Amino acid sequence: MKNTDLMDAMGGIKTEYIVEAAASRGQKKVIPLSAKRKPWVRLVAGIAAAAAFSVALPNTSPQVANAMQNLLVVGNYFKLVTFRDYHYESRKHSADISVDKVAVSGVTGPATKEAKKSSQAVNREIVQETDRLTKKFKASLKKGGYGSLTVKTKQVTNNRYWYVVKLTAVQTQADSGESSRYYVFSKASGKQVKLGDLFKSGSNYQKAISQNIIKQMKQEMKADKNKSYFLKENGNPDGFSQIKKKQQFYINKKNQVVIVFNQGEVGPMSMGSQSFVLPNKLVAKLQR
């Protein structure tokens, strides 16, 4: 589709531009789309998150302790670098997409190679997700009505052990809602950490964590009548009973494990996204 055709289909464009970081100079330049650039640019970006699988979680292993000692120079280690911003606006639609990539710098030691490898993998995943959201938004322009898309990256945790980044997408269309993805990396190993990596094999962490979350949900509903969670044990066949194997989570600044559910996943959309901090005693038990 030509630019003129796209403008007609969207009822006239008020603003459409791209701000692209000039990596070599650390500056930004504004590139008009009229300069023979397609309005739908691939959002090459990535963010990656990182946090340390060594952790300040209970029962840190001797291997992890050694890994931290081998990390001689930490410096910035992981950091977010603005890669590309995409902004679009018409009378009925708008998009605001700010995508960062994770860079590895200021660090020497055994974990450096793994850190670069893992950050590149997460960056690719972020590109794929932002491409998917952008294509979906582009398709909605042809259907009429109103709609918007906002995609942002944010650093959640950056301490001695962990680096965590969140990718959040907010869509206001027929199926409007907010969803987030968290990326947790270890500064000891340089690797991306999944929830199951934190616990001992055979610990049945999914069941133990789920039971604790259900307990927290019931306590919250008892204390606040405006809160209502979907629980399978209350007769809701689609209600919550157990966390997923690839459950969204992150490590907060206090080195606590936080389980996250997207908007509408375990409660009404009006409650937004929900998070539950796991007790340190439970985490320690699952690591033994």
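Things worth noting here:
- Spatially proximal lysines relative to LYS143 (Cα-Cα < 17 Å; intrachain offsets below 8 disregarded): LYS92, LYS135
- Local electrostatic count, PHE230, Cβ distance below 11 Å [Lys/Arg +1, Asp/Glu -1]: -2
- Spin-label model distance (nm) - LYS244 vs SER203, 7 Å beyond Cα toward Cβ: 2.1
- Remark: segment 120-274 carries a charge dipole of roughly 400 debye about the Cα centre, counting +1 on each Lys and Arg Cβ and -1 on each Asp and Glu Cβ.
- Net charge dipole size for segment 66-192 [Lys, Arg +1 and Asp, Glu -1 on Cβ; Debye, nearest 20]: 220
- Heavy-atom accessible area per residue - segment 183-288, 1.4 Å, Å²: 55
- Of the residues MET269, MET217, the one with the largest accessible area comes first in the ranking MET269, MET217, computed with a 1.4 Å probe on protein heavy atoms.
- Converting the Cα gyration tensor eigenvalues of segment 66-192 into ellipsoid dimensions via √(5λ) gives semi-axes, longest first, of 36, 12, 11 Å.
- 24 Å Cα-Cα threshold exceeded, pairs from LYS191/LYS215; LYS207/LYS285; LYS136/LYS191; LYS138/LYS246; LYS79/LYS166; LYS101/LYS285: LYS191/LYS215; LYS136/LYS191; LYS138/LYS246; LYS101/LYS285
The values are calculated or read from the model by the stated rules, or taken from the named source; none is laboratory data. Bear in mind the structure is a predicted one, so any value in this text is a computation, not a measurement. Note: ideal-geometry Cβ built from the backbone for every residue, glycine included; neighbour counts use all protein chains shown. Please note that ligands, DNA and RNA were not included when accessible areas were found on the heavy atoms of the full protein model with its side chains. Shrake-Rupley method; radii C 1.70, N 1.55, O 1.52, S 1.80 Å.
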